[in-house]
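Take a look at the structure below.
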Amino acid sequence: MGLYETVVKSYGAYAYTLARVLFGLLFFLHGVSKFSKGMPQGLMLVAGVIELLVGLGVFTGFFTRLAATGGAVMMVVAYFKVHAFTALSPLANGGELAVLFFLGFLLLAVHGNGWLSLEKALLKKEVF
């Protein structure tokens, strides 16, 4: 076994959990930014609330798979509702952040909480 495999085996779970926490924090802050200029209206209010809840769920590791699934659906809707009408390519329509968030949520939905989570601490297992 090489050095790389040894490091990944030893620290992979910690790295995944750190990535999950930072990903959740970034999405939470993305939602906070919607409220920074006053109370949003209509779909922006709905999007902001969902981003806050999903980001908090992923950040704390509480129902991560459920939150990630909701976040992934939201990113698909955001991409086609906001970005895709100008051009289909994310680089041309400014939707690369929505695509990256979608892919991150997809990974979280498949792999779950990881090493450290509020869900495992409170419920003793990963429910979702």
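Coordinate-derived values only; no laboratory data. Predicted model, so just to flag it, every value in this text is computed and none were measured. Note that we place each Cβ from the backbone using ideal geometry, even for glycine, and neighbour counts take in every protein chain shown.
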*Considering segment 31-53 alone, what residues qualify as being assigned to a helix (DSSP H, G or I), closer than 16 Å to M74 by Cα and either in contact (Cβ under 8 Å) with a residue 60 or more places away in the chain or of a type in the set (G, A, S) (or both)?*
G31, A47, G48
*Tell me, please, whether a residue that is surrounded by 14 or more Cβ atoms within 10 Å (Cβ to Cβ), farther than 29 Å from W115 by Cα and either within 11 Å of the chain's Cα centre (by Cα) or without any contact (Cβ under 8 Å) to a residue 24 or more places away in the chain (or both) can be found in segment 18-28.*
no
_Which listed residue is farther than 28 Å from K124 by Cα and touching a Gly at 6+ places or on another chain (Cβ under 9 Å), from A72, A68, A47_ = A47
_Condition (residue is among the hydroxyl-bearing types (S, T, Y), touching a residue at least 12 places away in the same chain (Cβ under 8 Å) and in contact with an Asp or Glu (Cβ under 8 Å, 6 or more places away or on another chain)) applied to segment 94-117: is it met by at least one residue?_
yes
*Taking E126 as the residue in question, decide whether it is farther than 16 Å from M74 by Cβ, touching a Phe, Trp or Tyr at 6+ places or on another chain (Cβ under 6 Å) and not hydrophobic (A, V, I, L, M, F, W, C).*
no
*Exclusive hit being farther than 27 Å from E119 by Cβ and over 13 Å from the mean Cα position of the chain (by Cα), set V77, V46, V32, V7*: V7
